[in-house]
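*Asks:* Before anything else, here's the structure in question.
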Amino acid sequence: MVHLEPLRGPGLAGALPCSLLRRKHVCLSLGVCLAQSTGDPTGTMLNLIKFPPIFTVHQVPTVFQEDSIISGYRHPRSSATDCVLSLFQLTNETLNIWTHFLPTWYFLWKLLMVALMQNGLRDAYSWPLLVFLASCCLYPLTSSCAHTFSSMSTRARHICFFFDYGALSFYSLGSAVTYSAYVFPDRWVGGVFHQYYVSVAVFNTVICTALACYSRLGLPFLQYNRDTVKRFTELQSPTLGKAVRVLAFAYPYLFDNIPLFYRISVCIGDDCTNNETNGLHYCHITLAFLTVFLFITHLPERLAPGRFDYIGHSHQLFHMCGIIGTYVQMEAILLDMSLRQPWLQVHGLPTSFNNSFGALLLSLTLSLLIIFSFSQALFWMPSKSCPTAIRDCSKPSPHQD
Ligand SMILES: [Zn+2]
């Protein structure tokens, strides 16, 4: 059983030096010391909330450790209540959660506006947009839930991020469905590549989800189960596991964007759809590459380990670039959809249930089956000789998200 001593005191008060806690602007986010330092009655109210303790990197099992993040860790066996409470406590996960939780509601509002206010459900031309907006709601929501509850146990952590990967691959399918409907250059519309594009994108979600889940622990049942983790990827080389995960998401992204890359950088002629949307597409692509750069490099915390534990570390910036990129992508899609509607409704591939909602449902079902397989192995083959705490807190290696 891993025995953990809290870093210092309750809540964020345990994470920061006393000199910082005396400053009003820091205490505002704590509540714990607000009443003492400012006399504000709000602080007295918040003081009634007992935040869970937080820990340093050396106090948590390896699987919970993040590259160059020294402090701000939650207990690796947190209760669900503590996980929810940690939303209001500054830990190294707090901004990871909020940077995806808040945008979820914006995209949900957008989805409801199109579906209900603009009669999107009745207009087949809008169906691909609805699929895309649904994916824009699902992936940040899943991500914020994964970051919230990932500290409940080692097993929970793996399952949370399996779902996170599934939602990301679903987002790549949402992009492909809308690109097929609104973004393909005129020259390629109706061609052979266009006709198979969405089907291949569905297949890619299977590859993406499976490869990303594989990058955490290896093959379920063969390389890991409830008691053993024999996978080669991260035990021998953490970098290899990370590389596999980057490949899992880069591959469908690059495939989805083939028509866009062709349209904005290769195609020459009148039928290349060279309209005012291209600037937004450039912006979205730039943000996508910046997102990958942050994920791979772990900057800025690699330059100053411990300095960015709570605010400004690469995963927070990765979330923010990703979600801003999604917003710009949505604006580009909306503009293309509007500008090209007269031409597309005459020359475009007709939108059907199969190439919109059908693709969504098939992709979701396949991803859930894969996640179930990878998760099931974590509960498989019980061993009476192995104490629970060892099973839950040993083996897996760092940098897994
Ligand atoms: Zn994340």
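*Asks:* In whole angstrom, note down how far apart the Cα centers of segment 249-308 and segment 136-215 are.
*Replies:* Segment 249-308 and segment 136-215 have Cα centres separated by 16 Å.
*Asks:* Assuming R0 = 51 Å, what is the FRET efficiency of Val346 and Ile324, from their Cβ-Cβ distance, to the nearest 0.05?
*Replies:* 0.90
*Asks:* Same structure, new question: Describe numerically, in nm with one decimal, the distance between label points set 7 Å from Cα along Cα→Cβ at Cys283 and at Ile268.
*Replies:* Here the modelled spin labels are 2.9 nm apart.
*Asks:* Assuming 0.36 nm per residue, please report the length gained on full extension of the stretch Leu112 to Tyr196 beyond their Cα-Cα distance.
*Replies:* Full-extension gain reported as 27.3 nm.
*Asks:* Could I ask something else about it? Dipole of segment 94-393, Cα-centred, from +1 at each Lys and Arg C-beta and -1 at each Asp and Glu C-beta, to the nearest 20 debye? Walk me through the numbers on the way to the answer.
*Replies:* Details: 17 positive and 14 negative charges, 213 e Å.
Its charge dipole is roughly 1020 debye.
*Asks:* Give me the distance in nm between label points sitting 7 Å out from Cα along the Cα-to-Cβ direction at Leu303 and Val246, one decimal.
*Replies:* 1.9 nm
Just so you know, all these numbers are worked out from the coordinates, no wet-lab data involved. From a predicted model like this one, the values you see are computed outputs, not experimental measurements. Backbone-built Cβ (ideal geometry, glycine too); neighbour counts: all protein chains shown.
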